[in-house]
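Enquirer: The structure is given below, and queries will be raised subsequently.
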Amino acid sequence: MKVCVIGVGYVGLITSVCLAYKGNDVISMDSDYDKIEKLNKGIPTIYESDLEPLLNEMVEKEKLEFTTNLKYGVESSDVVFVAVGTPPNENGSANLDYVFGAIRSIAKFVNGNKTIVIKSTVPVGTQKKVKRIVSDIIHPKYKVNILSNPEFLREGTAINDFFNADRIVIGADNKNEAKMLLRLYKDFNQKIIITRPESSELIKYSANAFLATKISFINEIANISEAYGSDIDEVVEGLASDHRINRSFLNAGVGYGGSCLPKDVKALIKIADDRNVRSELLTSVENVNKNQRKLLFKRLELTLNDVTNKEICILGASFKPNTDDVREAPSIDIINDILSSHGKVKLYDPIGMNNMKSLFHAKEIEYCKDIYTAVTACDAVVILTEWEEFKESNWKLIKDLMKGNIVIDGRNVLNIDNMLDLGFNYKCIGSRVQKMSELGTGVIETKIM
Ligand code: NAD
């Protein structure tokens with residue numbers, strides 16, 4: 001089929017490459033000229049494993065092309081995906097300027113019957129608004145179906161997720177209107193759920209809100225575990241063995257970040273509020289998440305006695321491993337806290353450094369080429385992303401290179417026995433064994449077994 005994807009970010013680029021791989025002719029359009037220029041040279045604009053070879057293969061086979069020319073993309077396609085960003089407004093609501101802007105431009109160039117698919121995460125009721133905008137602009141002789149088709153891929157495993165999602169959700173006013181999209185997905189071998197658009201839009205927000213709830217829930221349990229000397233790993237193992245609960249998203253730590261969970265929780269609270277529904281649970285989910293970041297910094301401050309002039313090595317900039325995305329990453333808040341307390345920051349992340357450079361100037365923090373350079377002469381190390389590389393590093397060498405011996409493991413990824421045996425003053429979130437501390441929530445002091 002002939003497909004156009006508007007907005008070539010994390011979602012748009014993966015959608016384009018994967019649909020091209022499935023044999024469709026894909027035109028990928030973005031208003032960002034630099035992005036398009038890079039992609040036309042076969043250079044991926046995001047980090048995603050396996051993306052580069054697939055991207056180049058699709059371009060070489062002429063199944064995929066990149067352009068800034070929206071008219072060309074729309075006129076040449078039967079199905080047009082909208083995958084532009086929906087960042088949060090000040091009040092937490094989703095900013096729909098990019099979506100409505102793209103829709104108005106698409107509508108202007110409609111030259112026949114088409115299906116427009118909203119892939120961006122948009123508030124409940126947006127498909128209806130888009131429908132009105134489009135019908136006001138297009139020539140009445142054309143039939144344009146507006147569908148909602150939220151995306152569930154995870155950065156870091158995006159290609160695999162696109163091909164093997166648990167479900168494809170299509171929001172349509174009637175089944176007939178979903179026909180083109182069903183054709184496009186016909187050999188995806190995934191469960192397809194067709195709903196009314198209002199349900200499809202809410203499915204996306206509630207999925208992310210539920211995952212965020214699991215994370216905040218386990219973090220609250222971790223804090224309780226510290227106060228009583230329970231071992232959070234044991235608690236999680238016991239919890240996760242119950243198939244109704246399930247192991248995923250039950251890692252205690254510094255909390256969730258990224259471009260989706262924080263903004264989607266905020267937006268859902270606002271969506272509820274717009275219809276006078278007070279979202280008590282989601283408000284708490286957000287508060288717990290904010291507090292985890294504060295708790296981690298407080299722990300660092302208390303362990304160091306004073307952050308002023310201390311050299312602190314941050315390991316991990318991206319909001320999770322295997323992505324370069326630093327949007328709303330805990331690292332941003334923790335670095336800001338350290339800088340405002342007059343501490344010095346050395347940062348290392350395997351691939352998130354470039355994106356961080358647009359947020360912190362090289363005069364503010366020191367960007368290091370590897371983990372060993374980053375830890376050298378530091379008073380404390382703080383782990384904020386659970387990269388495999390950090391787990392596999394030589395912690396004996398790190399201990400020798402550091403000035404101090406404090407490690408705050410914000411993702412609970414290091415082996416506690418090993419860290420204590422090496423002589424680190426090792427602290428994590430929720431813990432194996434700890435005494436009540438000056439924090440009131442307890443920190444690790446010793447190990448039982
Ligand atoms: P992104 O910021 O990475 O990319 C958005 C792209 O849209 C940018 O390249 C921008 O230049 C382009 N754009 C904006 N307005 C445009 C216009 N009028 N015409 C052409 N291009 C335009 O965003 P993203 O992370 O890919 O997210 C896109 C949407 O998908 C959001 O609603 C997000 O919530 C949702 N989503 C994201 C993920 C994820 O993991 N990133 C997962 C599922 C859903």
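Enquirer: Run the dipole for the chain about the Cα centre, Lys and Arg Cβ at +1, Asp and Glu Cβ at -1, nothing else charged, and hand back the magnitude in debye, nearest 20.
Expert: Working: 57 positive and 61 negative charges, 336 e Å.
Charge dipole, the chain, about its Cα centre: 1620 debye, nearest 20.
Enquirer: What fraction of the DSSP beta bridges in region 110-236 is antiparallel, stated in percent and rounded to the nearest 5?
Expert: In region 110-236, approximately 10 percent of DSSP beta bridges are antiparallel ones.
Enquirer: What Kirkwood hydrodynamic radius do you get for region 277-328 when you take the inverse of the mean 1/r over all pairs of distinct Cα atoms, in Å?
Expert: Answer for region 277-328: a Kirkwood hydrodynamic radius of 13.7 Å.
Enquirer: Shifting gears a bit: Give me the tail of P(r) for region 233-301 as a percent: Cα-Cα pairs with distance above 16 Å.
Expert: Result for the distance tail: 62 percent.
Enquirer: Which residues among region 43-82 fall inside the zone where the amide N is under 14 Å from a point 7 Å beyond the Cα of Phe188, along Cα→Cβ?
Expert: The answer is 80-82, whose backbone nitrogens lie closer than 14 Å to the label point.
Enquirer: Continuing with the same structure: Ranking request for peptides 7-18, 34-45, 307-318, 140-151: highest mean number of other beta-carbon atoms within 10 Å first, then the rest in descending order.
Expert: Packing proxy ranking, top to bottom: 7-18, 307-318, 140-151, 34-45.
Enquirer: Skipping prolines and chain starts, which residues have an amide H placed within reach, meaning under 5 Å, of the one on Gly343, given they are 5 or more residues away or on another chain?
Expert: Residues meeting the criterion, in which the H sits 1.01 Å from N, are Asn309.
Enquirer: Could you pull out every Cys in the chain that lacks a partner Cys with its beta carbon under 4.7 Å away?
Expert: Cys4, Cys18, Cys260, Cys368, Cys428
Enquirer: How far apart, in nm, are two points set 7 Å out from the Cα along the Cα-to-Cβ line at Asn309 and at Thr195?
Expert: Here the answer is 5.8 nm between the modelled labels.
Enquirer: Per 5 Å bin, what is the whole-percent P(r) computed from every C-alpha pair distance within region 279-377?
Expert: In whole percents, the pair-distance histogram is 2, 13, 22, 23, 20, 12, 5, 3, 1, 0.
Enquirer: For a quick check: with amide H placed at 1.01 Å from N, whose amide H comes under 5 Å from Tyr426's, ignoring anything fewer than 5 positions away on the same chain?
Expert: Val407
Enquirer: If I fit a long axis through the Cα atoms of helix 51-60 and take the longest principal axis of the Cα atoms of the chain, what angle between them do I get, 0 to 90°, rounded to 10?
Expert: Roughly 20 degrees between the two axes.
Enquirer: How large is the convex hull of the Cα atoms of region 242-282 per residue, expressed in Å³ as a whole number?
Expert: Per residue, the Cα convex hull of region 242-282 comes to 104 Å³.
Enquirer: Given points 7 Å out from each Cα along the Cα-Cβ axis, report the Ser135 to Asp274 separation in nanometres with one decimal.
Expert: 1.9 nm
Enquirer: May I ask you to derive the relative contact order of region 315-443, considering only C-alpha pairs under 8 Å and at least 6 residues apart, and to give it as an integer percent?
Expert: 21 percent
Enquirer: If each DSSP helix of 4+ residues adds -39,500 (n - 2.57) and the sum is divided by the residues in the chain, what number results at 222 nm, nearest 500 deg cm²/dmol?
Expert: Roughly -12500 deg cm²/dmol at 222 nm, from the helical runs in the chain.
Enquirer: With each label point set 7 Å from Cα along the Cα-Cβ vector, what nm distance links Leu339 and Asn113?
Expert: My value for the distance between the label points is 5.6 nm.
Enquirer: Next question. Just how far, in whole angstrom, is region 108-151 from region 311-369 if you go by their alpha carbon centroids?
Expert: Going from one Cα centre to the other spans 40 Å.
Enquirer: Could you grab the relative contact order for the chain? Cα pairs under 8 Å, six or more apart, rounded to a whole percent.
Expert: Working: 888 pairs, mean separation 54.7, N = 449.
Reported relative contact order: 12 percent.
Enquirer: Find the eigenvalues of the gyration tensor of the Cα atoms of the chain, then list the square roots of 5 times those eigenvalues as equivalent ellipsoid semi-axes, largest first, in whole angstrom.
Expert: So the equivalent ellipsoid measures 43, 24, 19 Å along its semi-axes.
Enquirer: Return, for the Cα atoms of region 200-315, the radius of gyration and Dmax in Å, separated by a comma.
Expert: When restricted to the Cα atoms of region 200-315, Rg and Dmax are 16.5, 51 Å.
Enquirer: Still on this structure: Give the long-range amide H neighbours of Val5: residues separated by 5 or more places, or on another chain, with amide H under 5 Å away, using H modelled in the peptide plane at 1.01 Å from N.
Expert: The answer is Ile27, Ser28, Met29, Phe81.
Enquirer: Could you give each residue of region 305-310 its phi-based ³J(HN,Hα) in whole Hz, using Karplus coefficients 6.51, -1.76, 1.60 with θ = phi - 60°, and x for Gly or Pro?
Expert: In residue order, the calculated couplings are 6, 8, 7, 3, 6, 7 Hz.
Enquirer: Test of understanding: what is the full-extension gain from Lys396 to Ser49, defined as 0.36 nm times their sequence separation minus their Cα-Cα distance?
Expert: 121.9 nm
Enquirer: Just need the relative contact order of region 248-388 here, percent rounded to a whole number, with Cα pairs under 8 Å and 6+ apart.
Expert: Relative contact order comes out at 28 percent.
Enquirer: Calculate, for Lys143 and Glu62, the FRET efficiency according to 1/(1 + (r/R0)^6) with r their C-beta to C-beta distance and R0 25 Å; round to the nearest 0.05.
Expert: E(calc), rounded to 0.05, equals 0.25.
Enquirer: If you don't mind, another one. When the dipole is taken about the Cα centre of region 160-258, and only Lys, Arg (+1) and Asp, Glu (-1) are charged at their Cβ, what size is it in debye, to the nearest 20?
Expert: 780 debye
Enquirer: So, R0 is 41 Å and r is the distance between the beta-carbons of Asp370 and Leu281; what FRET efficiency does that work out to, to 0.05?
Expert: 0.45
Enquirer: Shifting gears a bit: Subtract the Cα-Cα distance of Arg167 and His243 from 0.36 nm times their separation in residues, and report this length gain in nm to one decimal.
Expert: Gain on extension, Arg167 to His243, equals 25.4 nm.
Enquirer: Same structure again: For each of Trp395, Trp387, count neighbouring Cβ atoms within 10 Å of the residue's Cβ, then give the residues from fewest to most.
Expert: By the 10 Å Cβ count, ascending: Trp395, Trp387.
Enquirer: Another question, then. Please list, in order along region 5-16, the HN-Hα scalar couplings obtained from phi with the Karplus expression 6.51 cos²θ - 1.76 cosθ + 1.60 (θ = phi - 60°), rounded to whole Hz, x for Gly and Pro.
Expert: Calculated HN-Hα couplings, in order: 10, 9, x, 9, x, 4, 6, x, 5, 5, 4, 4 Hz.
Enquirer: Once the Cβ-Cβ distance between Lys179 and Leu302 is put in as r, and R0 is 51 Å, what FRET efficiency do you end up with, to the nearest 0.05?
Expert: 0.25
Any read-out appearing in this document is the output of simple, stated calculations on the displayed coordinates, not a laboratory observation. Bear in mind that the values here come from a model prediction, so they are computed numbers and not experimental data. Here Cβ is always computed from backbone atoms with ideal geometry, including for glycine, and neighbour counts include all displayed protein chains.
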